[in-house]
Amino acid sequence: MNILILGGGGREHALAWAVMQNPKCDKLIVAPGNAGIAQIAECAALDVEDGGAVTEFAGENAIDLVIVGPEAPLAAGVADRLREAGVLVFGPSQAAARLEASKSFTKEICDAAKAPTAGYGHFTDAESAKAHVRAQGAPIVVKADGLAAGKGVIIAETVAAAEEAIDDMFGGAFGGAGAEVVIEEFMTGEEASYFVLVDGTDVLPIGTAQDHKRVGDGDTGPNTGGMGAYSPAPVLSDAVAQKALDEIVKPTMAEMARRGTPYQGVLYVGLMIENGQPRLVEYNVRFGDPECQVLMMRLGGQVLDLIHACAEGRLSEAKVTWADDHAMTVVMAAEGYPGSYEKGTVIGGLDALPEDSFTQMFHAGTAEKGGKIVATGGRVLNATARGATLAEAQARAYALVDAVDWPEGFCRRDIGWRAL
Ligand code: AMP
Ligand code: GLY
């Protein structure tokens with residue numbers, strides 16, 4: 001098979017690494033890719049949010065399967081354009097991608113499916129949103145309805161802070177994403193993510209993970225895209241996972257199909273778990289980043305068979321083989337992230353890293369410049385490892401971190417603390 005992966009972060013490097021291990025992969029192109037991906041696959045410059053350009057590229061390169069990494073191309077309808085042209089694609093339609101692109105849409109689907117989630121109100125003007133906040137009291141959660149690069153959620157400790165967030169959102173702080181606002185009950189408990197493949201009809205769980213959103217050790221400092229992750233997530237026990245499937249995932253997927261917009265692709269199920277009861281925090285219509293890195297480390301080459309079966313609507317025939325292992329990824333970021341940071345700093349030591357089935361250094365934001373690897377983003381490298389225990393995976397991941405020579409980078413030193 002000739003395969004095209006859209007995206008260029010650590011998630012896509014991990015996907016490429018896993019897909020390449022499957023003998024069914026004849027040729028792999030990643031667009032746009034990064035310096036790490038370029039070491040294992042062909043990279044192509046392509047506007048991945050332009051459905052016409054992606055479809056044309058797939059035709060010219062005899063692509064048999066397109067795997068969409070990030071949410072933006074999905075929300076832009078790239079999967080629809082590919083399907084119209086008869087190209088096999090892994091990823092939901094624009095209509096089904098609303099499960100990530102609109103928070104009020106997801107709440108409405110949960111209502112219709114009677115899926116447990118936080119109570120909420122949906123507002124199109126600041127005054128009624130504020131009246132709702134005053135009636136409910138704090139803490140309370142204020143969310144921009146649309147895609148806001150993970151920044152559109154404010155956990156307000158006071159009514160005044162919630163009112164300020166509402167003014168910011170309707171004032172355009174998140175652009176069009178904040179033209180509508182969802183206000184949610186603040187849920188307590190432990191968060192974990194559950195990953196399932198959905199082919200429109202069938203649902204196949206492929207793993208659990210937990211990430212660390214805050215930038216600093218001990219879960220302190222501002223939120224980030226994720227500073228590290230591990231799989232499996234102990235809080236998502238078999239019993240909790242089954243409840244999440246029966247009460248949340250299956251009913252909402254059935255509701256999507258009933259509306260004529262069946263979901264196809266990987267579904268990231270963000271859950272809040274308290275006293276053994278899961279409630280939905282959010283859906284994402286893609287793999288998590290960096291959660292994908294630990295899932296790929298554990299699944300390996302079989303992921304291509306699973307993705308292929310999902311794209312062809314054959315999930316009922318597919319089976320996941322689980323090793324009884326643990327994986328961890330530690331994000332190495334540029335000093336200053338998630339605020340402003342320097343670009344172009346040189347990263348040394350990468351050539352000497354061990355490469356085996358237990359450790360992989362996935363690249364997230366790198367480029368090659370004059371024979372050297374330089375940092376191009378905030379989150380730059382993902383030191384990823386597998387082990388018989390989480391402690392073993394952690395020791396291997398940090399050994400990888402410590403072998404890198406990058407004075408302008410930093411990482412959290414406590415990834416996995418909750419589970420260890
Ligand atoms: P979201 O983008 O909706 O996943 O929100 C980002 C993060 O905000 C989540 O991962 C949670 O940590 C937190 N969060 C979102 N909604 C709630 C809620 N209703 N109660 C408590 N925490 C929440
Ligand atoms: N790590 C969180 C996300 O991918 O949304």
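Across every direction, the projection of the convex hull enclosing the Cα atoms of the stretch 193-268 has a mean area of 5.9 nm². Based on the alpha-carbon gyration tensor of the stretch 101-151 and its eigenvalue square roots a ≥ b ≥ c, which shape applies: rounded if a/c is under 1.5, prolate if not and a/b is larger than b/c, or oblate? Verdict is oblate for the stretch 101-151.
Surface exposure of the stretch 280-331, expressed per residue as accessible area with a 1.4 Å probe, stands at 29 Å². Taking all protein chains into account, the per residue accessible area for the stretch 59-210 stands at 39 Å² (1.4 Å probe). The slack between Glu127 and Ala239, meaning 0.36 nm per residue of separation minus the straight C-alpha distance, is 36.1 nm. Extension gain for the segment Ala53 to Glu317, taken as residue separation times 0.36 nm less the Cα-Cα distance, is 91.7 nm to one decimal. Projected over all directions and averaged, the alpha-carbon convex hull of the chain occupies 19.2 nm².
Once the chain from Gln277 to Ala135 is taken as fully extended at 0.36 nm per residue, the excess over their C-alpha distance is 48.4 nm. Note on the chain: helix-only mean residue ellipticity at 222 nm, from DSSP H runs of 4+ residues weighted -39500 (n - 2.57) and normalised by residue number, equals -8000 deg cm²/dmol.
The simple Förster model, with R0 at 35 Å and r as the Cβ-Cβ distance, assigns Lys213 and Ala62 a FRET efficiency of 0.30.
The trypsin sites (Lys or Arg not before Pro) of the stretch 134-208 meeting both criteria, a DSSP state outside H, G, I, E and B (loop) and at most 15 other C-beta atoms within 10 angstrom of the site's C-beta, are Lys151. Using a probe radius of 1.4 angstrom, the carbon and sulfur fraction of the accessible surface of the chain is 49%. Residues of the chain were split at every exposed loop site, defined as GluC sites (Glu not before Pro) in a DSSP loop with at most 12 other C-beta atoms within 10 angstrom, and the longest piece left, sites excluded, is 158-341. The dipole here belongs to the stretch 106-214: it is taken about the Cα centre, uses +1 on the Cβ of Lys and Arg and -1 on the Cβ of Asp and Glu, and is about 140 debye. In the stretch 1-133, the ratio of gyration radius to Kirkwood radius, Rg to Rh, stands at 1.12 when only Cα atoms are counted. Of the trypsin sites (Lys or Arg not before Pro) in the stretch 330-377, the ones in a loop by DSSP (not H, G, I, E or B) with at most 16 other beta carbons within 10 Å are Lys343.
The values are calculated or read from the model by the stated rules, or taken from the named source; none is laboratory data. As the structure is a prediction and not an experimental result, all values here were calculated from the model. Because the Cβ atoms are built from the backbone with ideal geometry, glycine has one as well, and the counts that use them run over all protein chains shown. Keep in mind that these areas ignore ligands, DNA and RNA; they rest on the heavy atoms of the full protein, side chains included. Shrake-Rupley method; radii C 1.70, N 1.55, O 1.52, S 1.80 Å.
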